[in-house]
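The values are calculated or read from the model by the stated rules, or taken from the named source; none is laboratory data. Being a predicted model, the structure only gives us computed values, none of them experimental. Every residue, glycine as well, gets a Cβ built from its backbone with ideal geometry; the counts of neighbours run over all protein chains shown. Ligands, DNA and RNA are excluded from the accessible area calculation, which covers all protein heavy atoms including side chains. Shrake-Rupley method; radii C 1.70, N 1.55, O 1.52, S 1.80 Å.
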Amino acid sequence: SRGIGLVSIDGQITKGESSFGGTSSTRTRHALRSAAADHDVKAIMLHIDSPGGTVAGLQPLADEVYAIAQSGKLIHTHADDMMASAALWVGIQANHVTASAMTEVGSIGVVAMVQDTSGAAEQAGVKVHVISTGEHKGAFAPGAEVTDDHLAELQSRVDEINTFFAAAVKRGAGLSIEAVRSLADGRDWLAAEAKDKGLIDGVATFDDAMMALHRQVRNQEREVESASRSRRIAMAKLT
C-alpha cells in the first residue's frame, strides 16, 4: 500500500537464513531499519504468522521494533493464524497490535530440549567418554550421560532467558510483571481472549488493520499540515 512499508515474519524465526524456510531475524531487522529511514514510508506494518523461533538474534530485533515505535514513525503489528513465543516477543513492541479472530497468541516462555542417549549407546555396546576441562564442558554430547547437575544448569539458563522475555512482554504490552508471570505458562489463546488478557490491542482482519493504519497516517499528516499552517500565519502576523 502506498506510504505503508510491509515487513513480514513468516514461519520459524532464526538468526541467519535457513534452507528450511522461515524468517531471518537479522534480515528482518535490516528491513525494518531501511523502512524506518525511508522518508517515503510513512508507517510500517509488521505482518506476523509464526510459531516462534530461536533466542539468538531475537532481542536486537525486538529492540528495533520498539525503537521505531518510540521514534515517531508509526509501526503496527498484525498477526494472522499464529503469533507465539519469539514472534510475540517481537510483535508486541509495536505501537498497536491486532490479530485476526482465529489467530493463536501467546506461548510466553522458554524451552530447551536435550536427549540422554547413554542408555541406547550402552545397549549398542558403546561407552562414550567425555574428556574436557570442566564438568559442564561437553555436556549433552551424544551417547554421554546427562547428569542432574547438567539439567540444573540448563534450567538456570532457561529461567534466565525467560526474565528477558517477561521484561519484553511487560514493555511491549504495558502489563505489570505480575500479570506477565501469570500468563507465562506456555499457553496460547485465540485473539479475543488474548485481547482480554492485554496481549494485543484489537481483533481485526488484515485489510481492516491496514485501513486503520492508513487513517492514522492521514490524521498525522493533517496535524502536521495544520501546525505548519499555523506557524506560517503567526510568522505573517509578526512581519
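Screening the range 182-194 for residues that are touching a residue at least 24 places away in the same chain (Cβ under 8 Å) and open to solvent by 70 Å² or more (accessible area, probe 1.4 Å) and picking the one that is nearest to residue 83 (Cα to Cα) gives 190. For the range 195-208, the candidate set comprises residues that are outside any helix (DSSP H, G or I), touching a residue at least 40 places away in the same chain (Cβ under 8 Å) and not charged (D, E, K, R); within that set, the residue that is farthest from residue 6 (Cα to Cα) is 199. Considering only residues in the range 103-145 that are of a type in the set (S, T, N, Q) and under 30 Å from residue 86 (Cα atoms), the one that is surrounded by the fewest Cβ atoms within 10 Å (Cβ to Cβ) turns out to be 115. Look at (1) surrounded by 12 or more Cβ atoms within 10 Å (Cβ to Cβ); (2) at positive phi and you find that residue 174 fails only one, number (1). Count of the range 161-205 residues, restricted to those that are farther than 13 Å from residue 108 by Cα and more than 18 Å from the chain's Cα centre (by Cα), is 8. Of the residues screened, residue 50 is one that is open to solvent by less than 40 Å² (accessible area, probe 1.4 Å) and under 24 Å from residue 167 (Cβ atoms). Has the range 216-223 got any residue that is touching an Asp or Glu at 6+ places or on another chain (Cβ under 9 Å) and buried (at least 16 other Cβ atoms within 10 Å of the Cβ)? No - not one qualifying residue is present in the range 216-223. Taking the condition of being over 22 Å from residue 60 (Cα atoms), of a type outside the set (A, V, I, L, M) and crowded, with 16+ Cβ neighbours inside 10 Å, how many residues in the range 146-165 meet it? The total comes to 1.
Yes/no per residue for (1) in a loop (DSSP other than H, G, I, E, B); (2) open to solvent by less than 20 Å² (accessible area, probe 1.4 Å); (3) out of contact with any His (no Cβ under 9 Å at 6 or more places or on another chain):
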{"position": "8", "(1), (2), (3)": "no, no, no"}
{"position": "18", "(1), (2), (3)": "yes, no, yes"}
{"position": "21", "(1), (2), (3)": "yes, no, yes"}
{"position": "27", "(1), (2), (3)": "no, no, yes"}
{"position": "33", "(1), (2), (3)": "no, no, yes"}
{"position": "40", "(1), (2), (3)": "yes, no, yes"}
{"position": "62", "(1), (2), (3)": "no, yes, yes"}
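Within the range 1-15, the set of residues being over 23 Å from residue 209 (Cβ atoms) and touching a strand residue (DSSP E or B) at 6+ places or on another chain (Cβ under 6 Å) comprises 12, 14.
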